[in-house]
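Novice: Let me give you the structure first, and then I'll get to my questions.
Derivation of every value follows stated rules applied to the coordinates shown; laboratory data play no part. Remember, predicted model here, so these are calculated numbers, not experimental data. FYI the Cβ positions are ideal-geometry reconstructions off the backbone, even for glycines, and counts take in every protein chain you see.
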Amino acid sequence: MTLGSVGAPFGLIGHEDVLRDLRGFRGHAVLLVGPARVGKRLLARTWAAMLNCSGPDRSGLAAPCGVCPSCVAVLRETHPDLLEVEPKATTSTGKTARRRLIPVSVVTARRDDGREYERHVVEWLETSATHRRKVVVIDGAEFLGEESANALLKVVEEPPHRAVFVFLTEDAHAVLPTIASRAARMRVPPVSDALVRDVLQRLGETDADLLVFAAGRPGVIVERERARAALTDAREFVSALDTGMLSALEGAEALEKRFDPQWHPEALRFVLRDRGPDARSRADDALEAALAALERYVSPSLVFQVLALDLRAALRTS
Ligand SMILES: [Zn+2]
């Protein structure tokens, strides 16, 4: 995600109210809850910038200045006081598997036997901030297992040097209570379609589907190239399914090559949204089964072939 490329400040589109709440927040752990690509990570970074901004008139600041050394470092993604942790895909096949978790080896160096990570949350917090406050962003808090959550517990309860934690999740109920109960919960809702439409217009975007697909999630605008590509792939695949068995299998092969579990399942559901409810429900089952099979490292080419056949059957339902 490129900061500062679309909206202001720091690339934020909407969410001024959440930023205001963060600005007034005096605790040391917050859980931002909102759909994928709604802009949680950007909010976390903007807050980190705000906590460390040394720009003029800090007292009246509604947003970080964007030009002081600290803000510039956040924009360049090189800030010494900002540590971002995200789940790692555990995969043997490269790009296709989607099982994700935040391993305990990134939480503490004591559990990182393979020296996999350069920085570890617990040890990183032992030294004081270069600017003002250290900020740890855990993107995908629902992927913290018992082991990782327990290893984090002490620093979350009493962060050294007044550090703050920002946990991000799509589903607050999926976050372990040990973490969720120690963080203040803030909702990050989708922004209005009018705002998304306005930004898309300013960007010269004409693809009407992009507005509907975004559904108020600014992250889709920021990553609109990928969104558009996934939508194109999904449309081509569905059209191949409708054409015939041979083209369906060819379509499956093409999709397998380009498949990104972060984008394509959603794009497929979107493209199929105008089919009948039964067809959509069966298509959804087929998609879930395919994703689960990829997690179990079933041969990807087999998974996509089966997906194509199941989807063809599903789409004939209605
Ligand atoms: Zn600044």
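Novice: What is the Rg over Rh value, at two decimals, for the range 223-314, using alpha-carbon atoms and the Kirkwood definition of Rh? Don't skip to the end; give the middle numbers.
Specialist: Values: Rg = 12.0 Å, Rh = 12.9 Å.
Over the Cα atoms of the range 223-314, Rg/Rh equals 0.93.
Novice: Here's another thing I want to ask about it. Just rank 40, 88, fewest to most, by other beta-carbon atoms within 10 angstrom. Kindly include the intermediate steps, with their values, before the conclusion.
Specialist: Details: 40 27, 88 17.
With the fewest neighbours first, 40, 88 line up as 88, 40.
Novice: May I have the extent of the alpha carbons of the chain along their three principal axes, as whole Å values ordered from largest to smallest?
Specialist: Extents along the principal axes: 63, 48, 30 Å.
Novice: Considering every Cα-Cα pair within the range 162-318, what fraction, in whole percent, is farther apart than 27 Å?
Specialist: Tail of the P(r) past 27 Å holds 38 percent of the pairs.
Novice: Report the dimensions of the range 3-189 along its three principal axes from the alpha-carbon atoms, largest first, rounded to Å.
Specialist: 47, 34, 32
Novice: Further question: Output ³J(HN,Hα) for the range 202-207: one whole-Hz value per residue in order, computed from phi by the Karplus curve 6.51 cos²θ - 1.76 cosθ + 1.60 with θ = phi - 60°, and x for Gly and Pro.
Specialist: 5, 7, x, 7, 10, 5
Novice: May I pose another question? To the nearest 20 Debye, how big is the dipole of the range 129-187 about its Cα centre, given +1 on the beta carbon of each Lys and Arg and -1 on that of each Asp and Glu? Working shown, then result.
Specialist: Numbers: 8 positive and 8 negative charges, 105 e Å.
Using Cβ point charges on Lys, Arg, Asp and Glu, the range 129-187 gives about 500 debye.
Novice: Using amide H atoms built in the peptide plane, which far-off residues or other-chain residues are under 5 Å from residue 101 H to H?
Specialist: Sorted by chain and number, the residues that satisfy this are 88, 90.
Novice: Using Cβ counts within 10 Å as a stand-in for footprinting exposure, how do 124, 47 rank, fewest first?
Specialist: Numbers: 124 21, 47 25.
Ascending Cβ contact count within 10 Å gives the list 124, 47.
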